[in-house]
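S.K.: First the structure, which I've put down as structure tokens, then a few questions once you've had a look.
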Amino acid sequence: MEFDGGDASQITREIETLKATRTDIDSRISALETQLHEINLSHEKNAVLNNGSCPPISTVVSGFGHELSSDMIYRYSRHLLLPSFGVQGQSNLLKSSIVVVGAGGLGSPALLYLAACGVGRLGIVDHDVVELNNMHRQIIHTEQYIGQPKVKSAAAACRSVNSSIKIVEHTEALRTSNALEILGQYDIVVDATDNAPSRYMISDCCVVLGKPLVSGAALGLEGQLTVYNYNGGPCYRCLFPTPPPSTACQRCADSGVLGVVPGVIGCLQALEAIKIASAVGEPLSGRMLLLDALSARIRIFGNRGRPRGLSGEKSVFGTVCRSSSASSPTPLPSPATDHIHMLKHDPHVTIRGRSLQCEVCGENSSFTNKKFKEFNYEKFTQTPLSSSPMKLNLLEEDSRISTTELKEKIVKGEAYVLVDVRPEHHFKIVSLPGSLNIPLRSLEARLPEISSALEEESNKAGSGSGAQLYVMCRRGNDSQRAVQSLHKLGFTSAKDILGGLEGWARDVDPNLPMY
């Protein structure tokens, strides 16, 4: 059977129409399931008022000395078979409420497992929308939800796993203006965000509210996990009183991440939250789990003596970050990857416990609700709360050129050399024809290559004026740093390309792949 171009176009349109219809149907089903659940809860409350009995989860009393219905016994039977968990652990879980801030790589597995395990009320906080580049790690989302709010997608997935629990959607960015109100509705908070200001804000909010915080981080091939503000344990500021430099705060969108790494950490976050909610086991308070996926090592550091690391290595711990071979404390870096890097290469390093001098949870702290609402976390960390890429402005206007202006010069046949200062593995993904890859960190050492390229292009042109030097990166930040260095090193005519490769794709060549 043969198809012409028109047939293909018609099929594509029909597929898109069917996808949209499926999304609407799924959304309607989710809404009806939520409505049904709320009706059942209302009936339960009426039963309590009318009969004086109080089965908090189900209107059906089993008669076996607990409040689990027949459906619950069957659904959670594998939990109930665990001697250390059993009926009491499951009952505690069903009565608990947990909120996950961030429905991304960490939040996805955490939300799915918390829903599946039977958390009574599960909150989801996120203001972002689902994108195609989320699919490799944010497993709670599907392609049909691309362009739609992550909260809506995550809530639908959670309800499809367990329609018997209550899912609460908070489709908004968490800020000091709403954090106390939102997080105050739940027993336990799971931080699944990926930026410094959010981490400080959520931790401080949990201290003010007296809520335990399960915190996870993942970047590249490494991750970390701990529990803050639990039973007298440290808060985030106890370990990291000083924010890291803004240049050290990397995100997945900039540095990349292997999809399964946040999946592992997110699952462990769910585990810690379940342990706290069910009052089972020993939560990871005062200790920190570090994952090195590349070497398949997991180590646990704390202040309770020698930990049992899965790699078989042991370390000595105290109340401050200190190397046992050093005479003075070693500062504890804030970014997850720096922290992991330090501990990975020094098995004798130790981490801080709770600090009595902590500005937020210390003995003499005066950090109140009012102070929290007035605190500027973006200024404190010198990092934006927004997930949008940072945009630097380091150069004068005459040292920069737009992508469209550059395109015009290329069309006119003007001589030029285009230096791409992205790392080599970025350059291999996509690059402009004829560009010369010299990563920023090796720029000074490879100046002779730039001089040779300029001379070669000038000779080809055969004109009196020499070739112009342009510098490009991914978004136009590193290229500005490179141009600054080049100016100091004698290449005074070097110009930065505004917006970098992304600007070129946006304004010149929409078919250029982006990453």
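The values are calculated or read from the model by the stated rules, or taken from the named source; none is laboratory data. Keep in mind it's a predicted model, so treat the numbers as computed, not measured. For neighbour counting, all protein chains shown are included, and Cβ atoms are generated from backbone atoms with ideal geometry for every residue, glycine included. The protein model used for the area step is the full one, side chains on, heavy atoms only, and it has no ligands, DNA or RNA in it. Shrake-Rupley method; radii C 1.70, N 1.55, O 1.52, S 1.80 Å.
S.K.: How would you order 151-157, 112-118, 251-257, 14-20 from highest to lowest mean count of nearby Cβ atoms within 10 Å?
M.R.: 151-157, 112-118, 251-257, 14-20
S.K.: Excluding ligands and nucleic acids, what accessible area in Å² is computed for Leu213 using a 1.4 Å probe, to the nearest 10?
M.R.: Spelled out: Leu213, probe radius 1.4 Å, area about 0 Å².
S.K.: Between Ala8 and Asn459, how many nm apart are label points set 7 Å from Cα along the C-beta direction?
M.R.: Distance between the two pseudo-spin positions: 4.6 nm.
S.K.: To continue, here is another question. Taking θ = phi - 60°, what integer Hz values does the Karplus form 6.51 cos²θ - 1.76 cosθ + 1.60 yield along region 70-79, in sequence order, with x for Gly and Pro?
M.R.: Whole-Hz 3J(HN,Hα) from phi for region 70-79: 4, 4, 5, 4, 6, 4, 9, 4, 5, 5.
S.K.: Considering amide H positions built from the backbone, and no H for Pro or chain starts, which residues 5 or more places from Lys95, or on another chain, come under 5 Å of its amide H?
M.R.: When sequence neighbours closer than 5 places are left aside, the close amide H contacts are Gly120.
S.K.: With Rg and the Kirkwood Rh both taken from Cα atoms, where does Rg over Rh land for region 397-508?
M.R.: That ratio equals 0.93.
S.K.: Something else about it: Net charge within 15 Å of Val257 by Cβ-Cβ distance, Lys/Arg positive one each and Asp/Glu negative one each, not counting Val257 itself?
M.R.: Residues near Val257 contribute -3 overall.
S.K.: For Met135, Met72, Met472, Met390, what's the largest-to-smallest order of accessible area, 1.4 Å probe?
M.R.: Largest to smallest exposure gives the sequence Met390, Met135, Met72, Met472.
S.K.: Mind checking the dipole of region 397-508: about its Cα centre, +1 per Lys or Arg Cβ, -1 per Asp or Glu Cβ, Debye to the nearest 20?
M.R.: 260 debye
S.K.: Roughly how many Å is it from the Cα centre of region 361-391 to that of region 443-512, as a whole number?
M.R.: Result: 39 Å between the Cα centres.
S.K.: Quick one: Karplus J couplings for region 217-230, per residue in order, coefficients 6.51, -1.76, 1.60, θ = phi - 60°, nearest Hz, x for Gly and Pro?
M.R.: Along region 217-230, the couplings run 8, 8, 7, x, 10, 9, x, 9, 8, 7, 10, 9, 6, 10 Hz.
S.K.: Leaving out ligands and nucleic acids, note down the accessible area per residue over region 397-508 with a 1.4 angstrom probe, in whole Å².
M.R.: For region 397-508, the solvent-accessible area averages 52 Å² per residue.
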